[in-house]
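Just below is one structure, and these are the notes that go with it.
The values are calculated or read from the model by the stated rules, or taken from the named source; none is laboratory data. Model, not experiment: these values are computed from the prediction. Here Cβ is always computed from backbone atoms with ideal geometry, including for glycine, and neighbour counts include all displayed protein chains.
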Amino acid sequence: MTFNLFDNLTLKLVALILSVIIWILVVGEKRSEVRLTVPLELRNLPSRLEISEQSTSQVEVAIRGFSSVVKQITPTDIDVYVDLSNVVEGPNSFALFADDIVVPLGAKVIQLSPSQIELQLDATADKTVAVKPMVR
């Protein structure tokens, strides 16, 4: 069996042309970076606790990717949250990592600011208070 370079020449030329077009599309597109301020979502807060102090309610996210993808991203497309299911009463600290941030396909988080969130949690208290209406 011998190898002939010119067997199926049409298919080989089509494959070569398609691969060059795809390479130009992927490599030729410019990469961009954008910074967005995104609201921080606090999830799964136990009902027996309340947040009394919070270091920040927003996070600045730097995203890098192809220009066509990055230019269309809005703060609503990015999901930054902290899971509070295992918190305790008192001061709590949470580290934010770029890998935990959900962004659209084709984009990558490269930086977060702040990367540390501080919360002060206090126990919820129920109290009955007598109310006397003043009627005039």
Yes/no for residue 126 being loosely packed, with under 14 Cβ neighbours inside 10 Å, farther than 19 Å from residue 31 by Cβ, touching a residue at least 24 places away in the same chain (Cβ under 8 Å) and not small (Gly, Ala, Ser): no
For the subset of region 50-71 comprising residues that are surrounded by 12 or more Cβ atoms within 10 Å (Cβ to Cβ) and free of Cβ contacts under 8 Å to residues at least 40 places away in the same chain, which member is farthest from residue 118 (Cα to Cα)? 67
Hey, residue 20 hits all of (1) out of contact with any Phe, Trp or Tyr (no Cβ under 9 Å at 6 or more places or on another chain); (2) touching a residue at least 12 places away in the same chain (Cβ under 8 Å) but one; which does it fall short on? (2)
Can you tell me which residue in region 23-49 is farthest from residue 61 (Cα to Cα), limited to those that are surrounded by 10 or more Cβ atoms within 10 Å (Cβ to Cβ) and of a type in the set (Val, Ile, Thr)? 24
Can residue 37 be described as closer than 15 Å to residue 114 by Cβ, within 22 Å of the chain's Cα centre (by Cα) and not in a loop (DSSP other than H, G, I, E, B)? yes
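Would you confirm whether any residue within region 22-31 is more than 30 Å from residue 88 (Cα to Cα), in a strand (DSSP E or B) and out of contact with any Pro (no Cβ under 7 Å at 6 or more places or on another chain)? Let's see the steps before the verdict.
Initial filter on region 22-31 (more than 30 Å from residue 88 (Cα to Cα)): 22-31.
Those still in the list that are in a strand (DSSP E or B) too: 31.
From what is left, the residues that are out of contact with any Pro (no Cβ under 7 Å at 6 or more places or on another chain) are 31.
Yes: one or more hits.
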In region 46-136, which strands (runs of 3 or more DSSP E) lie fully inside it and hold 3 or more residues that are in contact with a helix residue (DSSP H, G or I) (Cβ under 8 Å, 6 or more places away or on another chain), at pLDDT 90 or above and closer than 30 Å to residue 32 by Cα? 107-113
Could you give me the residue pairs with C-beta distances under 6 Å whose first residue belongs to region 32-46 and is in contact (Cβ under 8 Å) with a residue 40 or more places away in the chain, whose second residue is part of a strand (DSSP E or B) and of a type in the set (Val, Ile, Thr) wherever it lies, and which are 6+ apart or on separate chains? 36/61; 38/59; 38/61; 40/59; 42/82
Tell me which residues, restricted to region 76-90, are surrounded by fewer than 11 Cβ atoms within 10 Å (Cβ to Cβ) and touching a residue at least 24 places away in the same chain (Cβ under 8 Å). 85, 88
